[in-house]
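First up is the structure itself, then whatever we jot down about it.
The values are calculated or read from the model by the stated rules, or taken from the named source; none is laboratory data. Bear in mind that the values here come from a model prediction, so they are computed numbers and not experimental data. Here the Cβ is made from the backbone with ideal geometry for all residues, glycine too, and neighbour counts use every protein chain on show. These accessible areas exclude ligands, DNA and RNA; they are computed on the full protein's heavy atoms, side chains included. Shrake-Rupley method; radii C 1.70, N 1.55, O 1.52, S 1.80 Å.
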Amino acid sequence: AGAVLVHNTFVAFGYGPTPVPEHTFARNNLFISRKGPALEYHIEDFLRAPCTLDLDHNGYNEALAGNGWAGPDAKKNKPAHKAKPLAEFQKMTGLEKNGLALTAAECFKAALPSEEQIQAVVNDWSGRPHPDLSLKEGSPAIDKGTPLPNLVEEFQGPAPDLGALEFGATLPHWGVRPEEH
């Protein structure tokens, strides 16, 4: 297992990815979910291989900040889903020392797509535009990333922004381009 996650904007209608694979390096990402924790961490992941995870300078929606990560239920020896704040996760694991708790509403220019809009895209992508996940002015994700030599060296402001799109930069064009006539 293993992953390198750098400057992504992950938006899930349901719950975010779980568990985090061993040997994961993650920087400057935004993890946003419409329901539940953006990332549901299980304490077993950290007890099994804590030194293989390198997570920092990522932003998590209020679900992680307010509803946190899953920890064990010592009495029943089963995973518990009791809320833990981001600060407690940081203290317990030593990870995300520069992690940021935020909300989708304070991050993005446009509202996140509804469940119906997401399902319409899943059912038939043909010609549908991507949702606008540009950061809005004053977003707490602006300048909260960290420079990454050979990966992220050009950015506006004192530090890179979290997520895939740098505030104020020209949006990239993804996918097929129309033929020039």
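A search for C-beta distances below 6 Å between a residue of the range 1-23 that is modelled with pLDDT of 80 or more and any residue that is among the aromatic types (Phe, Trp, Tyr), counting only pairs 6+ apart in sequence or on different chains, returns 4/25; 10/31. For the range 41-54, the count of residues that are in a strand (DSSP E or B), at pLDDT 75 or above and either of a type in the set (Phe, Trp, Tyr) or at negative phi (or both) is nonzero.
For the range 108-119, the tally of residues that are at pLDDT below 85 and surrounded by fewer than 17 Cβ atoms within 10 Å (Cβ to Cβ) stands at 5.
Yes/no per residue for (1) open to solvent by less than 80 Å² (accessible area, probe 1.4 Å); (2) modelled with pLDDT of 75 or more; (3) not aliphatic (A, V, I, L, M):
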| position | (1), (2), (3) |
| --- | --- |
| 58 | yes, yes, yes |
| 71 | yes, no, yes |
| 74 | no, no, no |
| 85 | yes, no, yes |
| 91 | no, yes, yes |
| 106 | yes, yes, yes |
| 121 | yes, no, no |
| 135 | yes, yes, no |
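Checking the range 150-162 against the condition returns no match, with no residue being small (Gly, Ala, Ser) and open to solvent by 60 Å² or more (accessible area, probe 1.4 Å).
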